[in-house]
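Enquirer: Below is a structure I'd like to ask you about.
The values are calculated or read from the model by the stated rules, or taken from the named source; none is laboratory data. Keep in mind that this is a model prediction, so the values were computed, not measured. Because the Cβ atoms are built from the backbone with ideal geometry, glycine has one as well, and the counts that use them run over all protein chains shown. Note: areas computed on protein heavy atoms with side chains; ligands, DNA, RNA excluded. Shrake-Rupley method; radii C 1.70, N 1.55, O 1.52, S 1.80 Å.
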Amino acid sequence: MSTESGQTTSRLRRAWTAYRLRWKRRELLWRAIRAGRRLSPLSDRTASIGKDDILLFAAIRNEAARLPEFLAHYRRLGVQHFLIVDNDSDDGSAELLQKQPDLSLWRSRDSYRSTRFGMDWVGALLLRHGHNHWCVTVDADELLIYPEWERNDLSSLTAQLDRQGIDGMGALMLDLYPRGPLGQADAPEGASLTERLPWFDAGPYRSRIVEPKGNRIVQGGVRERVFFAGDPDRAPTLNKLPLIRWHWRYVYVNSTHSLLPGRLNDLYDGPGDSRLSGVLMHSKFLPEIVEKSAEELQRRQHFVEPELFVDYHHAITDTPTLWHSGSQRLTGWRQLVQLGLMGTGEVPLEKPPVQETGLPLAAVKSIAENE
């Protein structure tokens, strides 16, 4: 094949890929529109949203125990309005949320799994209310932190990103866990997350680029070490893009792990990326994880192919101890920067190589999990 012919073929391939991704984005936007029509408003206060307000979007089910700290944390960060979909909770979550003056709440009784693990619901609200706002999109078990977060709120952070012409910030989802077996915590109920679950794995983590979207897949950490050591390609995806200056044309693809248009996936490469990034402190392993895993064995709502993860949920219900001699106790964001798990955008860190490769089938199945 001549050089000119090869270049023509390459251009055609790129054009075809771009065409397919545009249609994928449109398909997901239409899914969001349809899902939005099925949402029932319980308390719609969106008329109070200001032009420059920072918004938070989430879909939740039975998170009453987490919600007080969740709301307090993000208010402290400077979120001005919360937009939440409740998936038919029966633990008082909806009643608690309806009382919040800075929060709008919708209900859906549809299947979590059939709505792309809640992303169609969240996508509908982002499409209606997120355009041109800085938007935080997280799960109820994720608390975002970033360099200097105690004294620089999200308004300061997003102003910095705006000055630099950067459309978002990535984060590593960091699983926190107790010193003892699952089903216990290191501090009583009512204590902060980092007192109850103060331990984490500093590594190893690995990252790869997946075409055609160019999204990153970061895997490793405690869940791979304990539950997926024999099949690491099925370990959970740990990189997320939780903070984006939203445009109505944007859409999340796999939870908040990836976005379309694909250029947004270049915002974050995972641990070792020296650009400004955050950490999502993940409270999955609070004591109720044992009961929730037993429930998931019946509901089967969190995976594309739930039967592949039966052993995982059974392993959690056996209440293993995740702590080991390499566990680190969380002391703050500076520690996470020193470990390369968070970037400051100022001090270059040695960056691990990103493997450009296709994604194994087992890993494709794992990314559907809403961690």
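Enquirer: Output the residue which, of all residues in region 290-307 that are part of a helix (DSSP H, G or I) and open to solvent by less than 20 Å² (accessible area, probe 1.4 Å), is modelled with the lowest pLDDT. Break it down into steps so the answer makes sense when it comes.
Expert: Of the residues in region 290-307, the ones part of a helix (DSSP H, G or I) are 290-299, 306-307.
Within this subset, residues satisfying the condition of being open to solvent by less than 20 Å² (accessible area, probe 1.4 Å) are 293, 296, 306.
Values: 293: 77, 296: 66, 306: 51.
My answer is 306.
Enquirer: Now for a different question. Do you know which residues across region 67-104 are part of a loop (DSSP other than H, G, I, E, B) and either surrounded by fewer than 21 Cβ atoms within 10 Å (Cβ to Cβ) or among the polar types (S, T, N, Q) (or both)?
Expert: Filtering region 67-104 down to residues part of a loop (DSSP other than H, G, I, E, B) leaves 78-80, 87-92, 99-102.
Answer for region 67-104, where residues must be part of a loop (DSSP other than H, G, I, E, B) and either surrounded by fewer than 21 Cβ atoms within 10 Å (Cβ to Cβ) or among the polar types (S, T, N, Q) (or both): 78, 80, 87, 88, 89, 90, 91, 92, 99, 100, 101, 102.
Enquirer: Another question about this same structure. Are any residues in region 159-193 touching a helix residue (DSSP H, G or I) at 6+ places or on another chain (Cβ under 8 Å) and either closer than 22 Å to residue 138 by Cα or part of a helix (DSSP H, G or I) (or both), and if so, which ones?
Expert: 166, 167, 168, 169, 170, 174, 175, 176, 177, 192, 193
Enquirer: Follow-up question, since we're still on this one. Suppose the filter is within 27 Å of residue 61 (Cα to Cα), surrounded by 22 or more Cβ atoms within 10 Å (Cβ to Cβ) and in contact with a strand residue (DSSP E or B) (Cβ under 8 Å, 6 or more places away or on another chain); does residue 174 pass it? It would help to see each step written out before you state the result.
Expert: On the way: within 27 Å of residue 61 (Cα to Cα): yes; surrounded by 22 or more Cβ atoms within 10 Å (Cβ to Cβ): yes; in contact with a strand residue (DSSP E or B) (Cβ under 8 Å, 6 or more places away or on another chain): yes.
So residue 174 fits the description; yes.
Enquirer: Of the numbered conditions (1) open to solvent by 50 Å² or more (accessible area, probe 1.4 Å); (2) in a helix (DSSP H, G or I), residue 17 satisfies every one except a single condition; which is it?
Expert: Of (1) open to solvent by 50 Å² or more (accessible area, probe 1.4 Å); (2) in a helix (DSSP H, G or I), only one is false for residue 17: (1).
Enquirer: Pairs please, first residue from region 95-106 and in contact (Cβ under 8 Å) with a residue 60 or more places away in the chain, second anywhere and open to solvent by 50 Å² or more (accessible area, probe 1.4 Å) and outside any helix (DSSP H, G or I), Cβ atoms under 6 Å, 6+ apart in sequence or on different chains.
Expert: Cβ pairs passing all conditions: 104/44; 104/45; 105/42; 106/41.
Enquirer: To continue, here is another question. Restricting to region 274-288, give me the number of residues that are open to solvent by less than 10 Å² (accessible area, probe 1.4 Å) and either at pLDDT below 95 or touching an Asp or Glu at 6+ places or on another chain (Cβ under 6 Å) (or both).
Expert: As a first pass, look at region 274-288 and keep what is open to solvent by less than 10 Å² (accessible area, probe 1.4 Å): 277-280, 282-283, 285.
Checking which are either at pLDDT below 95 or touching an Asp or Glu at 6+ places or on another chain (Cβ under 6 Å) (or both) leaves us with 280, 282-283.
Residues in region 274-288 being open to solvent by less than 10 Å² (accessible area, probe 1.4 Å) and either at pLDDT below 95 or touching an Asp or Glu at 6+ places or on another chain (Cβ under 6 Å) (or both): 3 in total.
Enquirer: Tally up the residues in region 250-289 that are of a type in the set (A, V, I, L, M, F, W, C) and part of a loop (DSSP other than H, G, I, E, B), please.
Expert: Pass one, region 250-289, residues of a type in the set (A, V, I, L, M, F, W, C): 251, 253, 259-260, 264, 267, 276, 279-281, 285-286, 289.
Then keep just the ones that are part of a loop (DSSP other than H, G, I, E, B); that gives 253, 276, 285-286.
Summing the residues that are of a type in the set (A, V, I, L, M, F, W, C) and part of a loop (DSSP other than H, G, I, E, B) in region 250-289 gives 4.
Enquirer: Would you pick out the residues in region 194-204 that are open to solvent by 10 Å² or more (accessible area, probe 1.4 Å) and not in a loop (DSSP other than H, G, I, E, B)?
Expert: Within region 194-204, the first condition is being open to solvent by 10 Å² or more (accessible area, probe 1.4 Å), and the residues that meet it are 194-196, 199, 202-204.
Those that are open to solvent by 10 Å² or more (accessible area, probe 1.4 Å) and not in a loop (DSSP other than H, G, I, E, B): 194, 195, 196, 199.
Enquirer: Hey, residue 218 hits all of (1) of a type in the set (Val, Ile, Thr); (2) closer than 30 Å to residue 325 by Cα; (3) open to solvent by 10 Å² or more (accessible area, probe 1.4 Å) but one; which does it fall short on?
Expert: (3)
Enquirer: Quick one: how many residues across region 239-273 are hydroxyl-bearing (Ser, Thr, Tyr), within 20 Å of residue 219 (Cβ to Cβ) and at pLDDT 95 or above? Reasoning before the result, please.
Expert: Here is the first cut: in region 239-273, the ones hydroxyl-bearing (Ser, Thr, Tyr) are 250, 252, 255-256, 258, 268.
With the extra rule that they be within 20 Å of residue 219 (Cβ to Cβ), the set shrinks to 252, 255-256, 258, 268.
Imposing the further condition that a residue be at pLDDT 95 or above reduces the set to 252, 256, 258, 268.
So the answer is 4.
Enquirer: While we're here: Just give me the residues in region 130-158 being more than 20 Å from residue 283 (Cβ to Cβ), part of a loop (DSSP other than H, G, I, E, B) and in contact (Cβ under 8 Å) with a residue 60 or more places away in the chain, in sequence order.
Expert: Residues satisfying the conditions are 131, 132, 133, 147, 148, 153.
Enquirer: To continue, here is another question. Output the number of residues of region 171-208 satisfying the condition of being basic (Lys, Arg) and under 16 Å from residue 222 (Cα atoms). Give the steps one after another, and end with the answer.
Expert: Of all residues in region 171-208, those basic (Lys, Arg) come to 179, 196, 206, 208.
Then drop every residue that is not under 16 Å from residue 222 (Cα atoms), which leaves 179, 206.
Residues in region 171-208 being basic (Lys, Arg) and under 16 Å from residue 222 (Cα atoms): 2 in total.
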